[in-house]
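The values are calculated or read from the model by the stated rules, or taken from the named source; none is laboratory data. Here the structure is a predicted model, which is why all the values come from computation and not from measurement. Glycine also receives a Cβ, built like all others from the backbone with ideal geometry; neighbour counts cover every protein chain displayed.
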Amino acid sequence: MKNTVLLFLTLAFGSHTYAQTATLPKQKSTKPRTLTTSLAPLPGIDRLLEEYTADNRVPGAIALIARDGKIIYRKAFGFDDTGAKTPLKPDAIFRIASQTKAITSVGLMLLYDEGKFQLDDPISKYLPAFRNPKVLASFNEKDSSYTTVPAKSEVTIRQLLTHTSGISYPVIGSKEAKAIYAKARIPSGIGTPNGTLATSMNALGALPLMHQPGERFTYGLSVDVLGYLIEVLSKQTLDQYLRTRLFEPLGMRDTYFYLPADKQSRLAALYTEDAAKATVKQTGLYGMNPDYPKEAGKYFSGGAGLSSTIDDYAAFLQMLLNEGEYNGRRYLKPATVRLMTSNQIGAIEQGQNKFGLGFSITTPKTTEVSGLSEGSYEWGGIFGTTYWVDPKLKIVALLYTQKYPNTTARDLAGKYKLQVRQAVAGPPAASGSAN
């Protein structure tokens, strides 16, 4: 796997067992809001995105910023089709890949609020295929054979939500995980429309963990397992469940695992780089059809499968900023949102950040560099989408592009974060001080 794999997967691994319980931070109640529009000129952001699209470092980009429930910036730059010079429209549908994880995590926590499970329940209580887990002890690269030792404990639901379960990824995981998962035909969840979540997750349950449960942060298929848990607990497919519990109530009309025919023309083109680093259309990636959202698939990956618009995802994030309420309807308890967006991995680190139940959490180590207030939560997708919520500044912000691999604009998301901070609230305070 090339080093370009991810801005979002550059992870530093800790060696401590995460805390089983977390102290919830005190937080002032937030008046529930529905997003409205009150646009403001932000020339610094205009210049940044015009520069990157004019130079074709990314073919097109869409940015959205909301503060206090008002959309103050929403613009599209560049092209959807660079050859035909077709402008990128603000309502284009993007492959959001790992941004699916936050939605699945919230979907699961709806069931938590209903008392359907406890966070430290072993996943095997609901998915027997994960009972008596084994941990990888040795691996033979020549034939992908391996030996295992018994895990010291069962994998818990909290460990799956925090990526401390020991489950890795096909395609982009460790060399051992890639080989073992490929041999067992475990899909990544992106561009894998065939089969079912139940079949693949049950097969995954029989495979070794990459380390002892709770030992460190390992990005992987944990949230796909949780998608299957939702199916078992709700007795619905993940697609049906998310549609009825989140997408339709929140007004997320353009969010799908597989796009209906009348929306397929709005799918943004996917780009990559040629050998000279020129931006060109993606024709195939790891055997994946770039237009996989247009297929009639039945595999609903809770970790990577969704496509959506920037407007739909902004509504979802605003609900979280509102501590679980949107447009007069409560989705999550305020305490549950605070639980999800506070450190759940104890002394373990995810890069220089911490991790909640579905989100990376900004720490004093990263505030000055990132431009985000301490306690902001964020993530993104491998094809060039990123988002964050800054509760202290009441900001929801997103930036969507569609290019992978992408070395020519790897720094764009970081510059965008700093521009948003500068435009909305001035430069961040020194590391460790209040924002």
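Picking from residues in region 59-88 that are part of a loop (DSSP other than H, G, I, E, B) and among the aliphatic types (A, V, I, L, M), the one that is modelled with the lowest pLDDT is Ala84. All of (1) surrounded by fewer than 22 Cβ atoms within 10 Å (Cβ to Cβ); (2) within 25 Å of Gly251 (Cα to Cα) hold for Met109 with one exception: (1). Here is a check on your reading of the model: is Asp113 over 25 Å from Phe300 (Cα atoms) and among the acidic types (Asp, Glu)? No; evaluated as a whole, the condition is false for this residue. Taking the criterion of being surrounded by 10 or more Cβ atoms within 10 Å (Cβ to Cβ) and over 22 Å from the mean Cα position of the chain (by Cα), the residues of region 266-283 that qualify are Glu273, Lys277, Ala278, Thr279, Val280, Lys281. Evaluate the following for Glu114: is it surrounded by fewer than 21 Cβ atoms within 10 Å (Cβ to Cβ) and under 21 Å from Thr407 (Cα atoms)? No; evaluated as a whole, the condition is false for this residue.
This table checks each residue for (1) at pLDDT below 95; (2) of a type outside the set (A, V, I, L, M, F, W, C); (3) under 26 Å from Glu295 (Cα atoms); (4) not assigned by TED's automatic domain parsing to the domain that holds Phe257.
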position: Arg95; (1), (2), (3), (4): no, yes, yes, no
position: Asp113; (1), (2), (3), (4): no, yes, no, yes
position: Leu136; (1), (2), (3), (4): no, no, no, yes
position: Asn140; (1), (2), (3), (4): no, yes, no, yes
position: Gly173; (1), (2), (3), (4): yes, yes, yes, yes
position: Lys178; (1), (2), (3), (4): no, yes, yes, yes
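Determine whether Glu248 is in a loop (DSSP other than H, G, I, E, B) and among the acidic types (Asp, Glu). No. Do we have any residue at all in region 401-422 that's charged (D, E, K, R), farther than 29 Å from Ala269 by Cβ and part of a loop (DSSP other than H, G, I, E, B)? Looking through region 401-422, none of the residues is charged (D, E, K, R), farther than 29 Å from Ala269 by Cβ and part of a loop (DSSP other than H, G, I, E, B). Within region 268-296, residues that are within 17 Å of Gly195 (Cβ to Cβ) reach partners that are modelled with pLDDT under 95 and surrounded by 18 or more Cβ atoms within 10 Å (Cβ to Cβ) with beta carbons closer than 6 Å, at six or more positions or on different chains, in the pairs Tyr286/Val171; Met288/Gly191; Asn289/Gly191; Tyr292/Gly191; Glu295/Pro193. Filtered by the rule that a residue be in contact with a Lys or Arg (Cβ under 7 Å, 6 or more places away or on another chain) and either surrounded by fewer than 23 Cβ atoms within 10 Å (Cβ to Cβ) or not assigned by TED's automatic domain parsing to the domain that holds Glu349 (or both), region 394-408 gives Lys394, Pro405, Thr407, Thr408. If you go through region 119-132 and keep only what is under 26 Å from the mean Cα position of the chain (by Cα) and either hydroxyl-bearing (Ser, Thr, Tyr) or closer than 13 Å to Ala206 by Cβ (or both), you end up with Ser124, Tyr126, Leu127, Ala129, Phe130. Is it the case that Arg216 is in a loop (DSSP other than H, G, I, E, B) and either in the same structural domain as Leu332 (by TED's automatic domain parsing) or free of Cβ contacts under 8 Å to residues at least 40 places away in the same chain (or both)? No. Only one of the numbered conditions (1) at pLDDT 95 or above; (2) closer than 18 Å to Ala97 by Cα is not met by Tyr126, and that is (2).
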